[in-house]
1. Heads up, I need the accessible area for Ser202: 1.4 angstrom probe, whole protein in place, Å², nearest 10.
2. So, for the stretch 278-419, what is the accessible surface per residue at a probe of 1.4 Å, expressed in square angstrom?
3. Where the only charges are on Cβ atoms (+1 Lys, Arg; -1 Asp, Glu), what is the dipole of the chain about its Cα centre, to the nearest 20 debye?
4. Taking 8 Å as the Cα distance limit and 6 or more residues as the minimum spacing, I'd like the relative contact order of the stretch 204-295 as a percentage.
5. Heavy-atom accessible area of Arg18 with all protein chains present, probe 1.4 Å, nearest 10 Å²?
6. Over all directions, what mean area does the Cα convex hull of the stretch 1-91 project, stated in square nanometres?
7. So what is the relative contact order for the stretch 293-362, in percent, with contacts set as C-alpha pairs under 8 Å and at least six apart?
8. Between Lys47 and Asp156, how many nm apart are label points set 7 Å from Cα along the C-beta direction?
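The values are calculated or read from the model by the stated rules, or taken from the named source; none is laboratory data. The model shown is predicted, which means the values in this text are computed figures rather than measured ones. As a convention, Cβ positions derive from the backbone with ideal geometry for all residues, glycine included, and neighbour counts pool all protein chains shown. The area values use the complete protein model at the heavy-atom level, side chains included, leaving out ligands, DNA and RNA. Shrake-Rupley method; radii C 1.70, N 1.55, O 1.52, S 1.80 Å.
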Amino acid sequence: MTSKERVQCAFAHKQPDRVPVDFGGMSCSQMHVTIVQKLREYYGLEKRPIRLWDVFGMTGLLDDDLKDAIGVDVELVKSYGGSFGIKDTGKWKEASLFGVDLLVPEQLELSSDGKGGYYVYPQGDTAAPPSGHMPANGFYFDNLERQQEIDEDNMDASDNLEEYGELSETELTYYKDTLEKYRGCKRAVVLDPGGAALGDASQIAGSGLKHPKGIRSVADWYMAPLLYPDYVHEIFERQTDLVLKNWAKLYEIAKDIVDIIYVCGTDFGSQASQMCSSAAFDEFYMPYYKKVNKWIHENTTWKTLKHSCGAVYPFIPKLIESGFDSLNPVQCSAAGMDPQRLKDDFGDKILYWGGGVDTQKVLPFGTPAEVRRQVLERCEIFSKNGGYIFNSIHIVQCNTPIENVVAMIDAVHEFNGTK
């Protein structure tokens, strides 16, 4: 099987020739730039600067030679727009962070916070207030909330839709040129167009806007469905309609080049429980998810991918009913997310993408033997009868021992008989 065929077989809930492997194939399966550099060194690959992909999580793009060394089955076509409003113009500049030589997007602008940390600016405009901050000795940027005073008597849903709009000719040209590079690709292609993250806590702050309006505090946003239900429904309805209008244009460009579309990363689970009630999910999210998935399945051959961290076991039937084909990152370390239970209860109805090793404890703090053991156990459980793509639980974090990262990669190949 080619990688593409292997992934398609897994989505059909049939047993592929081996477990498909993903690293770098979607936004939540990346690796910190420090890990990308160390893997290149471990595999003896050409020394070169690491291209910074996501400024928010400081993750690095995997070049083809590293994908080949790892044995990756998935390719990512990333969004034109990135975190903090930084666009993919195709132009890069040199920088250095964490002792890593980087190529960063030309629009990225950082400044010192005077305490050993950095500020990042929306759309690279240093005349605007900074929208993100990395503290001294930190490894990631946090959003800075810049919410203005809310006038409850004059709320306008357009304020929370400012970052969304119809695709421009520049954006369409980007997708056309980028997608064409993947025509005939042997790996499965994931398209990450953005725009469909309904109420995503990581997006609410409006980090890409110079002066965001509307509800831009995470705490206030999670109260909004109770306090302003009509306001939230109007945002979600208008955003969904805009998404489908844009994605219809993208389909005319992408068509059979793309295999999977990453719909959104709105989280519904914390470590211990769900982040909203079942009734709130049914009222505020499911109708719009159904609309998006229905359009995709009726008009394309694409499979849909939904990300949600945390203890989402009670919501998995709802995600299936909403029409999602796959779920990432399968956080087995969260409450109620036992791997065998997940596979037994829903494994024939939704593809699990991730769950391969715990990135909170085992991968960063365990031994290589413990990493190997967990990877083999998870592959044994999740891979039966297809419906599984191997990946760690979310991104591989900075300071994870490289011997553990290699043990993870070697273990999945041991399971596959490809080591």
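1. Estimated to the nearest 10 Å², Ser202 gives 40 Å².
2. 37 Å²
3. Here the chain has a charge dipole of around 1340 debye.
4. Details: 31 pairs, mean separation 25.8, N = 92.
Contact order relative to length: 28 percent.
5. Answer for Arg18: close to 90 Å² accessible.
6. Mean shadow area of the hull around the Cα atoms is 6.8 nm².
7. Details: 89 pairs, mean separation 22.0, N = 70.
Normalised by residue count, the contact order of the stretch 293-362 is 31 percent.
8. 5.5 nm
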